[in-house]
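Nothing in this text is a laboratory measurement; each read-out follows from the coordinates by a stated rule. Quick caveat: nothing in here was measured; it's all calculated off a predicted structure. Positions of Cβ are generated from backbone atoms using ideal geometry, with glycine treated the same way; all protein chains shown enter the neighbour counts.
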């Protein structure tokens with residue numbers, strides 16, 4: 001499955017727009033709370049553990065999005081956008097959304 005943040009793919013014209021697809025992943029409150037509390041400990045540096053958790057959530061959201069596109073018979077998802085939001089009591093949600101398309 002091709003996934004792109006652009007609205008078109010060079011040399012691969014869109015023949016059919018199949019609709020919006022999305023995927024979500026939510027990180028538990030303890031990860032987010034620990035992340036913000038731990039900022040004091042990593043000022044000026046990076047927290048590999050939390051970067052891995054965010055990457056894992058992003059990958060889950062993208063996988064769900066591409067699964068939804070596959071269910072529609074898509075060849076690609078274009079115009080992909082990733083959003084990171086806090087929800088509820090300190091939980092972090094990663095959302096991937098885009099347009100499922102068929103290509104020539």
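Where does each of 17, 50 land when they are ranked from fewest to most other beta-carbon atoms within 10 angstrom? Walk me through the intermediate numbers first.
Numbers: 17 12, 50 19.
If I rank by nearby Cβ atoms, fewest first, I get 17, 50.
Just to confirm my numbers, what's the Cα centroid distance between the stretch 81-104 and the stretch 62-78 in Å?
Taking the Cα centre of the stretch 62-78 as reference, the centre of the stretch 81-104 is 13 Å away.
Residue 72 to residue 12: extension gain in nm, 0.36 nm per residue of separation minus the Cα-Cα distance? Please report the intermediate quantities before stating the final value.
Details: separation 60, 0.36 × 60 = 21.60 nm, distance 1.85 nm.
Full extension of this stretch gives 19.7 nm more.
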